[in-house]
Amino acid sequence: MKYIPLMIMAFLVGIAEAHCQKRPNIVLFIADDLGAIDIPLYGNQLVKTPNLDKLGSESLTFTNAFASSPTCSPSRASIHTGMMPFRNGAHANHTGIKENILTLPAYLRGEGYKVAIAGKYHLGPMEAYPFEMVHGTNVAEPGHEGDGVLWTDLIMDPVDDWLSDASEEADTPFMLVVNDHSPHVFWPESPEYNASEVQIPTIHIDTEETRTARSKYYTDITKMDRNVGRLMKILETRNLLTNTIFIFTSDQGPQWAFGKWSLYDYGIQVPLLVRWPGVIEEGRDTDALVSLVDLLPTIIAATNGNVPSEPSKIDGKSFLPLLLGKTDKHREYIVASHTGDGDMNRSPMRMIRTKRYKYILNIAPEVKYTTHMDKAHPNEGYWKTWVEKSYLDEHAKAVLQRYHNHPTEELYDMLADSDETNNLAFNPLYQEIVKDLKTRLSKWREDQGDREIGPFDQKGNNSLSPGGPYIFK
């Protein structure tokens, strides 16, 4: 009998162990319209999120994570395709991706995973996303039956049932996507927070109605946090926590001025927590620049799957080395785009951002910037108080002026001006930076096939595909 050298034996044993090691389950929890800076892990000291606080202590927390778009369905489509909005086709809200594009559930099913979705949907077309639906997770809030999909609650009992079945199939790994409806408007009518204590960002206007609305927004964040806790408890009860990668994020920022529908950080910076027991060092932060478009290749890489070749098939870049502690860097810069949302929001914009500088190109600066906040159901009636105060107060006047009127170009030093109020785009001292970022953005737009040159017109845009349902039963 020939003896195998110890080094070779150890190598073969390592291969065998790796081959036989059970592949991790994946749980992706996506909050709806949540600003990163509005939870304690990112600086807010008033909002109560005990479950996220605990999750953060067990996770790698990303302090520079960004959505690909500040609008719901484009952001979600990017997460599930690994492509930026113009490449996948879903670059306006409520639109679907192009034909023959593979999505995360398709990739993982090809790797032998069960893949399911619970809660909000807002993806399309449905046939492009071969999810198993966890039915019964979307129900009308009590007292608001028949008031429309924005009054929908996430119910976790069917998720418990699905995970119970999944836990019995020990040889089949799974991915479960749980999409909450909070803190998307409409917010709870009975706030749990004292309006006099809430924090009003300096970029907003402080009125009594604003404080009431913000206390309701905070209440909805805490409501979402309870669902995170329920999900974690279910996983623990089903003995699934140890071999499950738990990812928490948001689709984009909140429905507040300079948040959702804008490319300021309040609109695109998202919380991102990744918990992976025994693999990720707990309670660690990273300031590496990442995009939510990077989630798809990262998830596939973490499951030892075949990551699509980059950049020919996807825009995302796996940050698995970050999770494993092998590097503290990821991207040199990130990009994001906003096209529009129906007739209320027709001001397209593009953005490129390094850790220090952000450049924004406004494609239709001649169009007065408006959104659902001031055109549809102006959040609980606070908007009219902003308008009224703008006639009496210089700060309020400046806020509305900045909100409605966007210059062609914007440049911000994010380290010195995190509120993004001092536009340096026309400052002679910063023209080299403007030129560099503008050139990079122009090249990126060309590569993406982004040829938009004016105000958004959804009805006249034949390149957009119909989106899928907002929810499923």
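The values are calculated or read from the model by the stated rules, or taken from the named source; none is laboratory data. Note that the structure is predicted; figures quoted are calculated from it, not measured. Virtual Cβ from ideal backbone geometry, glycine too; neighbours counted across all protein chains shown. SASA here: full protein model, heavy atoms, side chains in, ligands and nucleic acids out. Shrake-Rupley method; radii C 1.70, N 1.55, O 1.52, S 1.80 Å.
At-a-glance table
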read-out: Modelled FRET efficiency - R0 56 Å, Asn461 with Lys384, Cβ distances, 0.05 increments; value: 0.95
read-out: When each of Lys223/Lys459; Lys260/Lys375; Lys98/Lys326; Lys120/Lys389 is checked by Cα-Cα distance, pairs over 26 Å; value: Lys223/Lys459; Lys98/Lys326; Lys120/Lys389
read-out: Dipole moment magnitude, nearest 20 debye, the chain about Cα centre, only Lys, Arg, Asp, Glu C-beta charged; value: 1240 debye
read-out: Percent carbon-and-sulfur accessible area, the range 322-466, ignoring ligands, DNA and RNA, probe 1.4 Å; value: 50 percent
read-out: Beta bridge orientation in the chain: antiparallel %, DSSP, nearest 5; value: 55 percent
read-out: Nearby lysines by direct alpha-carbon distance to Lys329 (threshold 24 angstrom, same-chain neighbours under 8 apart not counted); value: Lys313, Lys317, Lys355, Lys358, Lys438, Lys443
read-out: Formal net charge of residues neighbouring Glu236 (Cβ-Cβ distance under 13 Å; K, R +1; D, E -1); value: +3
read-out: Solvent-accessible surface ranking, highest first, for Glu99, Glu394, Glu111, Glu132 at 1.4 angstrom; value: Glu99, Glu394, Glu132, Glu111
read-out: Per residue accessible area in Å² of the chain, where ligands, DNA and RNA are left out and the probe is 1.4 Å; value: 42 Å²
read-out: The chain, relative contact order [Cα under 8 Å, separation at least 6], %; value: 23 percent
read-out: Tail fraction, Cα-Cα pairs, the range 336-387, threshold 19 Å, whole percent; value: 43 percent
read-out: ³J(HN,Hα), Karplus 6.51/-1.76/1.60, whole Hz, each residue of the range 388-395, x for Gly, Pro; value: 4, 6, 5, 7, 10, 9, 5, 4
read-out: More than 17 angstrom apart: percent of Cα pairs within the range 180-295; value: 66 percent
read-out: Carbon and sulfur %, accessible surface of the range 180-321 computed with the full protein complex present, 1.4 Å; value: 45 percent
read-out: Cα gyration tensor, the range 367-473 - rounded (a/c under 1.5), prolate or oblate; value: oblate
read-out: Under 5 Å, built H, 5+ apart or other chain: amide partners of Met83; value: Asp315
